[in-house]
1. Scan region 322-364 for residues that are outside any helix (DSSP H, G or I) and closer than 21 Å to Arg86 by Cα and jot them down.
2. Which of the residues that make up region 154-169 are buried (at least 17 other Cβ atoms within 10 Å of the Cβ) and in contact with a helix residue (DSSP H, G or I) (Cβ under 8 Å, 6 or more places away or on another chain)?
3. Tyr173 fails exactly one of the following numbered conditions: (1) open to solvent by less than 10 Å² (accessible area, probe 1.4 Å); (2) closer than 19 Å to Tyr30 by Cα; (3) touching a Leu at 6+ places or on another chain (Cβ under 8 Å). What is the number of that condition?
4. Taking helices (runs of 4 or more DSSP H) that do not extend beyond region 222-321, which have at least 1 residues that are at pLDDT below 75, β-branched (Val, Ile, Thr) and loosely packed, with under 12 Cβ neighbours inside 10 Å?
5. Working only within region 322-346, note down all residues that are open to solvent by 90 Å² or more (accessible area, probe 1.4 Å) and touching a residue at least 40 places away in the same chain (Cβ under 8 Å).
6. Only residues that are more than 18 Å from Trp186 (Cα to Cα) and either open to solvent by 100 Å² or more (accessible area, probe 1.4 Å) or touching a Leu at 6+ places or on another chain (Cβ under 6 Å) (or both): list them for region 211-221, please.
7. For Ser108, are the conditions met, namely being of a type in the set (S, T, N, Q), closer than 19 Å to Leu19 by Cβ and touching a residue at least 40 places away in the same chain (Cβ under 8 Å)?
8. For region 60-92: of the residues being charged (D, E, K, R) and crowded, with 16+ Cβ neighbours inside 10 Å, which is nearest to the chain's Cα centre (by Cα)?
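The values are calculated or read from the model by the stated rules, or taken from the named source; none is laboratory data. All figures in this text were calculated on a predicted structure; none of them were measured in a lab. Please note: Cβ atoms are built from the backbone with ideal geometry, for glycine as well, and neighbour counts cover all protein chains shown. When the accessible area is computed, the model is the full protein with side chains, heavy atoms only, and any ligands, DNA or RNA have been set aside. Shrake-Rupley method; radii C 1.70, N 1.55, O 1.52, S 1.80 Å.
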Amino acid sequence: MKAILNLNKNSEVILTGLLFITGFSIPFSYGFNSICFGILFLYSFTRFEKRTYLSLFNKKSLIPLLFISFFIIQVVGIVYAHDMKRASSNVIKNILLILLPITFINLSKSIDYVKVKASLYGLIVGITVIISSSYIHILKKIILGVQGPGSLLTYFVREEFVKEAIVVVHPPYLAFLVVFAIVPIWKLSFPENKVLRYLLLFYFLFALYSISSFMSFIILGILFVFYFISLIKKRKQKHVLVISTALILGLFLINNMNYKESIKGFRGGTLFKRIEWSFLKGKWDTSRPENWKSVWIVSKNNLALGVGSDGGLHQLQMHRNDRSESYINKHNAHNQYLEVLLRFGLIGLAVYLFLLYSLIVTAMQSRNRIFGWFLIVFVVSCLVESYLQRQIGLTFFVFYALLFNTFYKFDLLKNIHNEKSLSA
């Protein structure tokens, strides 16, 4: 009996470790990431139960089936794509849309609060390693005199920041992960020491400046609004007064400073330069609207099924100015909703939107702030990026969507105590 208990305990430790490593791998390379997901997929069959699959519909948990349906739509999209080789390659990269649902169906009775927390800890540690590696290389260059001390704020931003890291991550995607991680760090009290936790939060906020992704600060603004409203509801007048005073003072100082002169030495990609470009000069992002226009033109002509799994680059280029950024860099839609409409038409978009709707309903039922924040970050970010077209965006969304859904949907009664703990 004792041997059986030890075996079960070891099995749980192994699964917890796998979920930690998988979360850790998400910001890293395609190879490392794929190996972790492959091992987790194979390991999940140690928990295989036939009746779990048979009871899927009874439990009304359609989210794994919606992910699988979305993958099947992509497989069908190979048939009518202009570039079938490219389409096949894209679908193979999206194989997680079928592997991870199967993984979490197998693990449906094994996911608990500890394992959810472990996966989030893994992600936070992975992000910390990447941004720390960048800062270490930058500080080394400053110490050696390659760049001046001020370059940390003026030069090593956006592309110059991410290319110093151990793994180069496209800035919007790294910012996407960092801004999400802020809430788990706070809600899960990671690390347990309050001083260290505040330092880690400040570190991540500073990293957002270094990455300088404009959308991440918009999402951060949404988080601040929610936080401010919660303070008002809890009647914490002192906190509200301090924050309000700080905001008013900050706006006053900005309004009375020589902004253009102050940021004269900053690179074009920095947050300050982008604010100047957008708000002071009124020159907002011109490449995306032009890109979206070409996507919409192609989509209108292929409204039911879309252009196929190749992404329709051939058709898009025909409707773009050959001097535009979108044409030169062969951009995708840079909007996940338009991307799905372009590739898979109204049918694919309906499945995708229903998937998001189902996740939102589950998040609202769970009343879990981390789950809710995860969806807010993803849904809002998808307005300006096609996040599912890159490995990081795809793995992050599918893994955590299914992890949260499994924890809250498959065995709700067993996890109800842990649910309250995670939501506290």
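1. Hits for region 322-364 are Asn329, Lys330, His331, Asn332, Ala333, His334, Asn335.
2. Answer for region 154-169, where residues must be buried (at least 17 other Cβ atoms within 10 Å of the Cβ) and in contact with a helix residue (DSSP H, G or I) (Cβ under 8 Å, 6 or more places away or on another chain): Phe156, Val157, Arg158, Phe161, Val162, Glu164, Ala165, Val169.
3. (3)
4. 237-255
5. The answer is Leu346, and nothing else.
6. Across region 211-221, the qualifying residues are Ile211, Ser212.
7. When the stated conditions are applied, Ser108 passes them.
8. Arg86
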